[in-house]
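Chemist: Mind looking over this structure? Questions follow.
The values are calculated or read from the model by the stated rules, or taken from the named source; none is laboratory data. Since the model is a prediction, treat every value here as computed from it, not as a measurement. Backbone-built Cβ (ideal geometry, glycine too); neighbour counts: all protein chains shown.
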Amino acid sequence: MQKSTQKTIIVLKTEDSQYFEEAHLILREDASDRHDMVAEACRIISRAEATRIYASSVKRIHRPLPRMTWFFMGVATTLAVGSISALLVHLLF
């Protein structure tokens with residue numbers, strides 16, 4: 001079952017920012033005063049900047065090893081295990 005609600009969304013588009021293209025603000029049902037909305041938006045942004053909430057959500061991109069690297073690591077491991085096994089068999093028998 002799908003529940004549908006109607007929300008009021010304010011989309012702020014900017015052309016003078018080098019970081020942001022637009023911001024989406026979803027208003028609560030009891031929001032009415034525009035001056036209070038602007039003040040609250042400024043408070044949220046300054047709090048996020050002070051506590052660096054935005055920095056924790058940034059994911060680091062790790063470049064995976066190429067397939068050939070994994071192949072050569074597997075070959076080297078197999079040769080090492082085989083050599084140690086052959087050495088132990090030669091020494092023990």
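Chemist: Any chance you could count how many residues in region 34-57 are modelled with pLDDT of 80 or more and exposed (fewer than 10 other Cβ atoms within 10 Å of the Cβ)?
Modeler: 0
Chemist: Related question: Out of everything in region 8-28 that is in contact (Cβ under 8 Å) with a residue 12 or more places away in the chain and over 24 Å from the mean Cα position of the chain (by Cα), what residue ends up being surrounded by the fewest Cβ atoms within 10 Å (Cβ to Cβ)?
Modeler: Among residues in region 8-28 that are in contact (Cβ under 8 Å) with a residue 12 or more places away in the chain and over 24 Å from the mean Cα position of the chain (by Cα), the one surrounded by the fewest Cβ atoms within 10 Å (Cβ to Cβ) is Ile9.
Chemist: Does Ala31 satisfy the condition of being modelled with pLDDT of 80 or more and in contact with a strand residue (DSSP E or B) (Cβ under 9 Å, 6 or more places away or on another chain)?
Modeler: Spelling it out, it is not the case that Ala31 is modelled with pLDDT of 80 or more and in contact with a strand residue (DSSP E or B) (Cβ under 9 Å, 6 or more places away or on another chain).
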